Amino acid sequence: MNNGATLFLGILLSVAVSFWTLLFAPQLQIGRQQVRPIEGGELYPAPRPGLAQRGAEVYRSLGCAECHTRQVRQTGAIFEVRVTEVGTNLSAVVAVFGETEMGTGDEGLDSRHFRKLPAIVGTNLTPAAAQKLTAQFTAAGAKAVPVLIPLGPDVQRGWGARLSVAQDYLHDYPVLLGNLRLGPDLANFGARQTNIADIHTQLYDSPRLTMGSMMPPYRFLYRVVTNGAALPADAILVTAAESNKPAQAIIPSEDAVALAAYLTSLKADALLFEAPRAKPAPQAPLSTNAPPATNATAAATPPK
């Protein structure tokens, strides 16, 4: 019996199913994504200015994606409950608070706790526990909301407030995700570094700002002002490598200015449905790559 036709049809079907599953279906799902409005009515992501677009090409040409990623990773999440309004039945609200792990059972102390709103009344909770506690405060006449707290080393280091998703890269072509981290992640760099002078100093000679940095210097992007020359308006003073030497004045080139504009445009902290985060956003990140000690316990506690 000749099974050649059956074999051919089987191979053709396998290729067609594979093509649909791996290429066509993802294209239908995320390939047609468009910018969409976020809280405040702004469209996200906003298009990059022309100078930042030129800086993206400089970023590519210098091979920055070989040592930096642009993708914040998230390993889990916990919930906390915040009371935004106490309502008129304070005794009932205090009674609910006294039953929580954060409650003290002292009505006077609990009453003072709610004088500063929003007040955190539960933390390190599972989704079910957060929903239950929210319902209890709502039944007592208060307004309570559960808040998702992303967890993971990247979040604890301050590299981003949430994980990176496809919506963050709609204006990027090609998308420079990177796969090696010899330096910090840059997905949300523009939200945590707004000092242009420090950015240029980092590009000119990184160890001047970050002790032990392995980042190569890009001095060819700058012109050093010689002694006695008048300083132009765009000159930047950088401290000398040796403490006994005076500071240097450097003038960034057009490529350096464009690269700095691109770096400050890297912001991926918008509140999205597929990437929820705490609101308001976390405080400014630390200057080091190590996770802060105060968050070590929370980061080590996996969600239930």
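The values are calculated or read from the model by the stated rules, or taken from the named source; none is laboratory data. Because the structure is predicted, anything quoted here is derived from the model rather than measured. Don't worry about glycine lacking a Cβ; one is built from the backbone with ideal geometry, like all the others, and counts go over all protein chains shown. Only protein heavy atoms, including side chains, enter the accessible area calculation; ligands, DNA and RNA are left aside. Shrake-Rupley method; radii C 1.70, N 1.55, O 1.52, S 1.80 Å.
Scanning the stretch 177-211 for residues that are under 25 Å from residue 74 (Cβ atoms), touching a Leu at 6+ places or on another chain (Cβ under 9 Å) and of a type outside the set (S, T, N, Q) gives 178, 186, 187, 189, 190, 191.
Selection within the stretch 147-205: residues that are of a type in the set (Phe, Trp, Tyr) and not in a helix (DSSP H, G or I). The member of this set that is most open to solvent (accessible area, probe 1.4 Å) is 173. Do you know which residues across the stretch 19-65 are assigned to a helix (DSSP H, G or I) and aliphatic (A, V, I, L, M)? Selection gives 22, 23, 25, 28, 30, 51, 52, 56, 58, 65. Against the conditions (1) at pLDDT 90 or above; (2) over 30 Å from residue 202 (Cβ atoms), residue 63 satisfies every one except (2). Restricting 103, 87 to those that are touching a helix residue (DSSP H, G or I) at 6+ places or on another chain (Cβ under 6 Å), at pLDDT below 85 and surrounded by 14 or more Cβ atoms within 10 Å (Cβ to Cβ) reduces the list to 103. Filter the stretch 152-203 down to residues that are modelled with pLDDT of 90 or more and among the aromatic types (Phe, Trp, Tyr) and give me whichever is nearest to the chain's Cα centre (by Cα). Among them, the one singled out is 159.
I'm trying to understand the selection: among the residues of the stretch 116-133, which are free of Cβ contacts under 8 Å to residues at least 40 places away in the same chain and open to solvent by 30 Å² or more (accessible area, probe 1.4 Å)? Within the stretch 116-133, 116, 117, 118, 128, 131, 132 qualify. The residues listed here are 54, 73, 48; of these, the one that is touching a Gly at 6+ places or on another chain (Cβ under 8 Å), at negative phi and surrounded by 13 or more Cβ atoms within 10 Å (Cβ to Cβ) is 73. Hey, any hits in the stretch 134-144 for a residue that's under 22 Å from the mean Cα position of the chain (by Cα), open to solvent by 30 Å² or more (accessible area, probe 1.4 Å) and farther than 28 Å from residue 49 by Cβ? There is no residue in the stretch 134-144 that is under 22 Å from the mean Cα position of the chain (by Cα), open to solvent by 30 Å² or more (accessible area, probe 1.4 Å) and farther than 28 Å from residue 49 by Cβ.
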